[in-house]
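*Asks:* Please find one structure pasted underneath; my questions will follow.
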Amino acid sequence: MDIRQKLISKLADGRFHSGEVLAGYCGISRTAVWKHLANIKTQFGLEIYSVKGKGYRFAVPLELLDPNQIMSEISAVAKAQLSVLEIKEQIDSTNSYLMTLAMDEIESGHVCLAEQQTAGRGRQGRDWVSPYGNNIYLSIFWRFSSGLAGISGLSLAVGLIVAKILNQQGIENIGLKWPNDVLWRDRKLAGVLIEVTGEQGGPSNVVVGIGINSRMGDTHGETISQPWTDLATVTKGRVVSRNLYAARLIEGLVTGLDEFQTNGFAPLVEEWNRYDLHQGKRVELLSGIRRVVGIHRGVENSGALLLDVDGTTKAYFGGELSLRGAG
Ligand code: BTN
């Protein structure tokens, strides 16, 4: 651990620590502590309170990602499918990172988690707000032998994996919005970004990225354009372990991606439809400049959205669903 990491790990408990104690712990002067903390504030956007006579503390406690704790929560079967677990302190985007590695011969089951993303990416070119130490930013690489056609429905399958994990952790009122938004009472709690490279006929190199809002804090959510929530709000402040969620996600993903490879999306359609928040409702589908309004009739085996437009049901493969403009 370098000095910066030492200071962050000490302050992670959210309590006051005197400059003297921190200096002794890191083997540096109190002035150096102050300088390092100022850097931490600037580099990671972490709020640090400083009170005369008490010392320094973080505005909120942080549960830092811990590879040992994560591994200890993963079953032996899933561990066998996990090729690498990397934890980055700060990175532009865990998806971009694995997409770069995908050019090399990395293996399926390569996972990257980060404490913070400086250029986190969402669907439709949006940013994914990624404050330090508080939410979950996870990407996994998987190589499918098939081409693009063979992985249709994958993004819905992943949304379902995330929704079920949240449900299994006791979070109720979780629903899905096609293709893969995970919502709690119509507010976005988690999102999935899937990126693919490869040849038309296969193999397909896939990076599955998942963001779960765990604790957004007071200011970070201000720039998010859609209604959102976080686990801290949903659980009314009950402590949510990021390490536990990370482990559950890894377990669910390696198992789920392996099953998807064999069976595709078809066996999941019924379960997906049970989580679907908008079936039977009048919705608007926006795809580039195209706008279609119709009644949502569920999803088909390919993952396509079925819309009843003026009495005719058609399948749609891409776009953003909304209830707002459906009038
Ligand atoms: C969405 O817009 O719903 C998708 C959000 C996906 C965010 C995750 S966070 C980890 C991974 N890295 C990224 O840059 N994006 C995904």
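The values are calculated or read from the model by the stated rules, or taken from the named source; none is laboratory data. What you see is a predicted model, and the numbers here were worked out from it, not measured in a lab. Don't worry about glycine lacking a Cβ; one is built from the backbone with ideal geometry, like all the others, and counts go over all protein chains shown. In case anyone asks, the SASA skips ligands and DNA or RNA and just uses the protein heavy atoms, side chains included. Shrake-Rupley method; radii C 1.70, N 1.55, O 1.52, S 1.80 Å.
*Asks:* As a check on your grasp of the helix formula, calculate [θ] at 222 nm for the chain: sum -39500 (n - 2.57) over DSSP H runs of n ≥ 4, divide by the residue count, round to the nearest 500.
*Replies:* Numbers: 10 runs with 100 residues, N = 327.
Computed mean residue ellipticity for the chain: -9000 deg cm²/dmol.
*Asks:* Quick one: 3J(HN,Hα) in Hz for region 231-236, Karplus 6.51/-1.76/1.60 with θ = phi - 60°, rounded, Gly and Pro as x.
*Replies:* 4, 4, 6, 4, 8, 6
*Asks:* When the distances between all Cα atoms of region 217-256 are binned every 5 Å from zero, what whole-number percent does each bin get?
*Replies:* P(r) over region 217-256, rounded to whole percents: 6, 18, 19, 19, 18, 16, 5, 0.
*Asks:* Would you kindly derive the ³J(HN,Hα) couplings of region 33-38 from the backbone phi angles with the Karplus curve 6.51 cos²θ - 1.76 cosθ + 1.60 (θ = phi - 60°), listing them in order in whole Hz, with x for Gly and Pro?
*Replies:* 4, 4, 5, 4, 5, 5
*Asks:* Taking all protein chains as present, what is the carbon and sulfur share of the accessible area of region 192-327, in % to the nearest whole number, probe 1.4 Å?
*Replies:* Solvent-exposed carbon and sulfur of region 192-327 make up 49 percent of the total.
*Asks:* Rg(Cα) of region 1-149 divided by 2.2 N^0.38 Å? Kindly include the intermediate steps, with their values, before the conclusion.
*Replies:* Values: Rg = 18.6 Å, N = 149, 2.2 N^0.38 = 14.7 Å.
Expressed relative to 2.2 N^0.38 Å, the Cα Rg reads 1.26.
*Asks:* Defining a contact as two alpha carbons under 8 Å apart and six or more residues distant in sequence, what relative contact order in percent does the chain show?
*Replies:* Details: 634 pairs, mean separation 47.0, N = 327.
Relative contact order comes out at 14 percent.
*Asks:* So which of Lys177/Lys281; Lys281/Lys314; Lys79/Lys177; Lys10/Lys35 end up more than 22 Å apart, counting from Cα to Cα?
*Replies:* Lys79/Lys177
*Asks:* Hey, any idea what % of region 37-167's accessible area is carbon plus sulfur with a 1.4 Å probe?
*Replies:* On the way: 2890 of 5670 Å².
Looking at region 37-167 in its full context, I get 51 percent from C and S.
*Asks:* Distance between the C-alpha centers of region 42-104 and region 254-273? Whole Å please.
*Replies:* Cα centres, region 42-104 to region 254-273: 29 Å.
*Asks:* Normalise the Cα radius of gyration of region 275-327 by 2.2 N^0.38 Å (N = residues in it) and let me know the number.
*Replies:* Working: Rg = 10.0 Å, N = 53, 2.2 N^0.38 = 9.9 Å.
The reported ratio for this selection is 1.01.
*Asks:* When the Karplus curve 6.51 cos²θ - 1.76 cosθ + 1.60 is applied with θ = phi - 60°, which whole-Hz ³J(HN,Hα) does each residue of region 279-292 get, with x for Gly and Pro?
*Replies:* 4, x, 9, 7, 10, 10, 10, 10, 9, x, 8, 7, 10, 10
*Asks:* In whole Å, what three semi-axes, largest first, describe the equivalent ellipsoid of region 1-55 built from its Cα gyration tensor (square root of 5 times each eigenvalue)?
*Replies:* Values: eigenvalues 41, 37, 24 Å².
Semi-axis lengths for region 1-55 are 14, 14, 11 Å.
*Asks:* Further question: Please work out the average accessible area per residue across region 218-327, using the 1.4 Å probe convention, and give it in Å². Let's see the in-between values first.
*Replies:* Details: 5760 Å² over 110 residues.
Counting only protein heavy atoms, the per-residue value for region 218-327 is 52 Å².
*Asks:* Let me ask another. Only sites in a loop by DSSP and with at most 16 other Cβ atoms within 10 Å count here; which chymotrypsin sites (Phe, Trp or Tyr not before Pro) in region 228-327 make the cut?
*Replies:* Sparse-neighbourhood loop chymotrypsin sites (Phe, Trp or Tyr not before Pro): Phe317.
*Asks:* Same structure again: Show me, bin by bin at 5 Å from 0, the whole-percent P(r) of region 198-297 based on Cα pairs.
*Replies:* Whole-percent P(r) values from 0 Å outward: 2, 8, 11, 13, 16, 19, 18, 9, 2, 0.
*Asks:* Give the distance, in whole Å, between the Cα centre of region 141-155 and the Cα centre of region 179-198.
*Replies:* Going from one Cα centre to the other spans 17 Å.
*Asks:* For region 157-241, what is the relative contact order in percent, using Cα pairs closer than 8 Å and at least 6 residues apart in sequence? The partial results should precede the final answer.
*Replies:* Details: 113 pairs, mean separation 18.6, N = 85.
Taking the mean separation of contacting Cα pairs over the length of region 157-241, I get 22 percent.
*Asks:* Sticking with this one: Return the tail of the calculated pair distribution for region 69-166, meaning the percent of Cα-Cα pairs more than 17 Å apart.
*Replies:* On the way: 2868 of 4753 pairs.
Counting pairs separated by more than 17 Å, the tail of P(r) holds 60 percent.
*Asks:* Turning to a different aspect of this structure: Divide the volume of the convex hull of the Cα atoms of the chain by its number of residues and quote the answer in cubic angstrom per residue. If you can, show how the numbers build up before the last one.
*Replies:* On the way: hull volume 47.2 nm³, N = 327.
It comes to 144 Å³ per residue, whole-number rounded.
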